[in-house]
Amino acid sequence: MELASKYDPSLIESKWYQYWLEKGFFNSKPDNREPYTIVIPPPNVTGVLHMGHMLNNTIQDILVRRARMLGKNACWVPGTDHASIATEAKVVAKLAAEGIKKTDLTRDEFLQHAWQWTHKHGGIILEQLKKLGASCDWDRTCFTMDELRSESVIKVFVDLYSKGKIYRGVRMVNWDPKALTALSDEEVIYKEQQGKLYYLRYKIVGEAGYAVVATTRPETIMGDTAMCINPNDESKAHLRGKKVIVPLVNREIPVIEDDYVDIEFGTGCLKVTPAHDVNDYMLGEKYNLQTIDIFNDNGTLNENGAQYNGLDRFVVREKIEKDLADAGLLEKVEAYVNKVGFSERTDAVIEPKLSMQWFLKMEELAQPALKAVMNDTIQLHPAKFKNTYRHWMENVKDWCISRQLWWGHRIPAYYLPQGGFVVANSEAEALKLAIEKTGNKNLTINDLRQDEDCLDTWFSSWLWPISVFDGINNPENDEINYYYPTNDLVTAPEILFFWVARMVVAGYEWRGKYPFKNVYLTGIVRDKLGRKMSKSLGNSPDPLDLIAHFGADAVRLGMLLTSPAGNDLPYDDSLCEQGRNFNNKIWNALRLIKGWEVADIKQPKSSEIAIQWFDSRLSQAIDEIDDLFNKYRLSEALMAVYKLFWDEFSSWYLEVVKPAYQQPIDKQTYESTLVFFEKLLKLLHPFLPFITEELYHALKDRADDDSIMISLMPTSGAVDANIIAQFEEVKEIVAGIRTIRLDKNIPNKDVLELQLIGATDCVLSEVVVKMGNLSSISTVDAKTPTSASFMVGRTEYAIPLDDKVDVEAEIKKIEEEIGYLKGFLKSVMAKLSNERFVANAKPEIVDNERKKQADAESKIKSLEESLLTLKK
């Protein structure tokens, strides 16, 4: 196969992806091999690929491709999430643009529009992942609202309800006035906001005075049903047993006492609004206070808001400030910074609201999941996230699982005509239970009313590692028993509780076992200024544009180069350029090798040594890469194979074995070189799947189904540490020769002589001769007067320059270097003459300083001898 002069990814990527698909290399079926399983964190069904997806799925593909090459039965399950809030919001917006209101539609009519939207836009992101090279088993693609997954969700709800773990009740919830639904605590993002602290006057009934309350939310006074003081606050003793009048509303409310009130905050008087504050709600329950809800679901005030009925809460806040001031009931206003809750999905300010919702008791369920991570049954990478996980799980609250939406899994609760309800897997089962419960055999399904709410999206995705193998509906099927528990999960730290912890809970509840063994937590992709990449900031490149410009392999490599687990990735296009340059390096290396003429001639000694060295160096690198993968240090594993190819194979091995101009290479060296190249391609394949497949086939003729992605990863052999150390010394010697050539402007084609001063022989001399372009290496007692020298360790090397040197310039240069070294030696001696330093420093630090002393003294001696010789 002839290689083009330049690597063009656009010509090969789609070709090889189609080949992999046609050959079924991504597909997995249970067999007698060790399984390796990853389930994809399902992206939103109507989402498109962003930089976070690129990073996450690149990492997953690397792990899956490597497992496949280790001989495991690798199964990567793709799928999408129905994303209740996000998808419903998009459908509502689309309908609004067509002049249709959601409220004008029946539930079934709206769901028809939602399914149309999903079928039109759904799955785009999965097609985009193919461009990246994702080796998912596409035949297994799941959707959280497909038939099997939906059955699983309903079955789990019924199961938990029957165990007494799901209950229904009025509770204070986080209300999203934009999405018009309740949110769990974890879906609320708190941000510091510059606001105001309003000091309001409440007239004391029967007296001329006022009690002053400080609040950030004056618009809620219409819901006040008490004032609270701390019983230990003597400054408020005059208010005990009294009543006060709510400003503008003119309603009398009692003064109650509770040590919940912080004496130091504000005025020491607290307005109690049980319907619109979590803590006030608890006080209301404790003291049996009236609850007055003043808000509509969309954040406007209702009829309890008096003259502000129908106005938005923030409009009322501005208006009521003026009205209170006009009425003489506003003592003062101060600037105030406080934390305000925002909806993670819509960015609307959350409104605490009393609402009838469904909840899942979490405390007992959380215990096995907490234990599994704390005892490292499940390992988080990096481990620093264990504390975050522990804090969440030790302080877990009941999960509000109902959402006031239509797009999602409808809660399987059916209300009876005379009150009460039944929970069932189907309408037929609900009717049967309803007849049993009421004794009324004349009931029909039309007499029952199903709950209008749907379940939180996370209530389906927490089952993902089980439900993708139908392990809820058919708990003993072959697939769930073979593939579960899965091996690795790759996800973002921000959903460690939302998704990861809940999957662990579900795993122990329905399988009695953890859902995955390792959790690799990615960082956030940021721009050069450290900002999170986002569409709104306009600082995020389109991943598909990057792939079109640089090629998928280059982008994959760029994403991984600076992305250690759990740390943010400072992205710049130069990373993809570096990836492209590396691809070109690999391509050109094979073009160089393939360009050599091969002959049946004797193998040079330098090539024999190079093969022995690189064989050991390759084995050493394989051990290092295996170790890094075992520790989930993928960026470092990439860098290890990157340096092995670029620095060791290309810069040293190929240069040593390369035949002279227009001369052939011996067959033995050539074949060894092809073997090394193939092993390097296999090490690189998980990171760079496309170019490695192309070059794997360019190396030699192969059978149609011989693909690098199903070949076995190379294993390490014996490592000769001695030859590796010797070759490192060779590199230093050659570097010294190259430095002299550079300093003296001596062309590389000019042959030089190398002298060893007082040493017996040169290490791996055949390699040094070739790489240094030397005529000979000799041992001398003293160097020639016009030679330039350098040190490697304690050995001095010299190159006679004869007429190639400017004596005056050389004397000046050596004198400057001696001056620098004497200054350096002085600083070292100052440390070593300090008794406290020698006595207290670690022995290895003192030894290192003594080595510096010996090296400096040796170099000074050598330079002074050179100086003496030049001045003769």
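One table, with the values for the structure above:
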read-out: Filtered residues of segment 693-707 (kept if touching a residue at least 60 places away in the same chain (Cβ under 8 Å) and either surrounded by 15 or more Cβ atoms within 10 Å (Cβ to Cβ) or under 24 Å from Gly772 (Cα atoms) (or both)); value: Glu693, Glu694, Leu695, His697, Ala698, Leu699, Ser707
read-out: Given (1) assigned to a strand (DSSP E or B); (2) basic (Lys, Arg); (3) crowded, with 19+ Cβ neighbours inside 10 Å, index of the condition Lys517 fails; value: (3)
read-out: Residues located in segment 460-479, provided they are assigned to a helix (DSSP H, G or I) and of a type in the set (Asp, Glu); value: Asp478, Glu479
read-out: Residue match in segment 336-347 (condition: farther than 30 Å from Gly512 by Cα, small (Gly, Ala, Ser) and in contact (Cβ under 8 Å) with a residue 12 or more places away in the chain); value: yes
read-out: Where Met356 falls short, out of the listed (1) among the aliphatic types (A, V, I, L, M); (2) closer than 30 Å to Ala93 by Cα; (3) surrounded by 15 or more Cβ atoms within 10 Å (Cβ to Cβ); (4) in contact (Cβ under 8 Å) with a residue 40 or more places away in the chain; value: (3)
read-out: Output for segment 91-102, where each listed residue is touching a Phe, Trp or Tyr at 6+ places or on another chain (Cβ under 7 Å) and crowded, with 18+ Cβ neighbours inside 10 Å; value: Val91
read-out: Test result for Ile38, in a strand (DSSP E or B), in contact with an Asp or Glu (Cβ under 6 Å, 6 or more places away or on another chain) and crowded, with 17+ Cβ neighbours inside 10 Å; value: yes
read-out: In segment 744-787, the residues that are polar (S, T, N, Q) and open to solvent by less than 20 Å² (accessible area, probe 1.4 Å); value: Gln755, Ser787
read-out: Number of positions in segment 587-633 that are in a loop (DSSP other than H, G, I, E, B), within 30 Å of Lys6 (Cβ to Cβ) and of a type outside the set (Gly, Ala, Ser); value: 2
read-out: Of the criteria (1) without any contact (Cβ under 8 Å) to a residue 24 or more places away in the chain; (2) within 21 Å of Ala721 (Cβ to Cβ); (3) open to solvent by less than 30 Å² (accessible area, probe 1.4 Å), which one Ala637 fails; value: (2)
read-out: Residues satisfying the stated conditions in segment 420-459, i.e. of a type outside the set (D, E, K, R) and part of a helix (DSSP H, G or I); value: Ala428, Ala430, Leu431, Leu433, Ala434, Ile435, Thr438, Ile445, Asn446, Trp458, Phe459
read-out: Residue within segment 748-764 that is assigned to a helix (DSSP H, G or I) and either touching a residue at least 40 places away in the same chain (Cβ under 8 Å) or touching a Pro at 6+ places or on another chain (Cβ under 7 Å) (or both) present; value: no
read-out: Residue tally, condition over 19 Å from Ala67 (Cβ atoms) and either open to solvent by less than 10 Å² (accessible area, probe 1.4 Å) or among the hydroxyl-bearing types (Ser, Thr, Tyr) (or both), over segment 677-689; value: 2
read-out: Complete set of residues in segment 534-554 that are open to solvent by 90 Å² or more (accessible area, probe 1.4 Å), touching a residue at least 12 places away in the same chain (Cβ under 8 Å) and part of a loop (DSSP other than H, G, I, E, B); value: Lys535
read-out: Exclusive hit being over 25 Å from Leu683 (Cβ atoms), touching a helix residue (DSSP H, G or I) at 6+ places or on another chain (Cβ under 9 Å) and open to solvent by less than 10 Å² (accessible area, probe 1.4 Å), set His82, His50; value: His82
read-out: Residue list for segment 398-448, filter: of a type in the set (Val, Ile, Thr) and either more than 46 Å from the chain's Cα centre (by Cα) or more than 16 Å from Ile166 (Cα to Cα) (or both); value: Ile435, Thr438, Thr444, Ile445
read-out: Number of positions in segment 366-392 that are touching a strand residue (DSSP E or B) at 6+ places or on another chain (Cβ under 9 Å), open to solvent by less than 20 Å² (accessible area, probe 1.4 Å) and either in a helix (DSSP H, G or I) or among the charged types (D, E, K, R) (or both); value: 2
read-out: Checking Gly341 against (1) open to solvent by less than 30 Å² (accessible area, probe 1.4 Å); (2) more than 30 Å from Asn567 (Cβ to Cβ); (3) outside any helix (DSSP H, G or I); (4) not acidic (Asp, Glu), the condition it does not meet; value: (2)
read-out: Test: residue in segment 657-674 that is of a type in the set (A, V, I, L, M, F, W, C) and within 30 Å of Trp16 (Cα to Cα); value: yes
read-out: Matching residues in segment 578-620 - criterion: being open to solvent by less than 40 Å² (accessible area, probe 1.4 Å) and free of Cβ contacts under 8 Å to residues at least 40 places away in the same chain; value: Gly579
read-out: Candidates Arg65, Arg107 - the one that is out of contact with any strand residue (DSSP E or B) (no Cβ under 6 Å at 6 or more places or on another chain), open to solvent by less than 10 Å² (accessible area, probe 1.4 Å) and among the basic types (Lys, Arg); value: Arg65
read-out: Looking only at segment 298-335, and only at residues there that are free of Cβ contacts under 8 Å to residues at least 40 places away in the same chain and outside any helix (DSSP H, G or I), the one that is most open to solvent (accessible area, probe 1.4 Å); value: Asn309
read-out: Given (1) of a type in the set (A, V, I, L, M, F, W, C); (2) farther than 21 Å from Met222 by Cβ; (3) at pLDDT below 90, index of the condition Leu354 fails; value: (2)
read-out: Single unsatisfied condition, Tyr281 versus (1) farther than 30 Å from Trp458 by Cβ; (2) in a helix (DSSP H, G or I); value: (1)
read-out: Flag if Val173 is within 33 Å of the chain's Cα centre (by Cα) and within 30 Å of Thr300 (Cβ to Cβ); value: yes
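Conditions (1) of a type in the set (A, V, I, L, M); (2) surrounded by 11 or more Cβ atoms within 10 Å (Cβ to Cβ); (3) closer than 30 Å to Ser775 by Cβ, marked per residue:
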| residue | (1), (2), (3) |
| --- | --- |
| Glu817 | no, yes, yes |
| Ser833 | no, no, no |
| Phe837 | no, yes, no |
| Gln853 | no, yes, no |
| Glu864 | no, yes, yes |
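The values are calculated or read from the model by the stated rules, or taken from the named source; none is laboratory data. Model, not experiment: these values are computed from the prediction. Glycine also receives a Cβ, built like all others from the backbone with ideal geometry; neighbour counts cover every protein chain displayed. Only protein heavy atoms, including side chains, enter the accessible area calculation; ligands, DNA and RNA are left aside. Shrake-Rupley method; radii C 1.70, N 1.55, O 1.52, S 1.80 Å.
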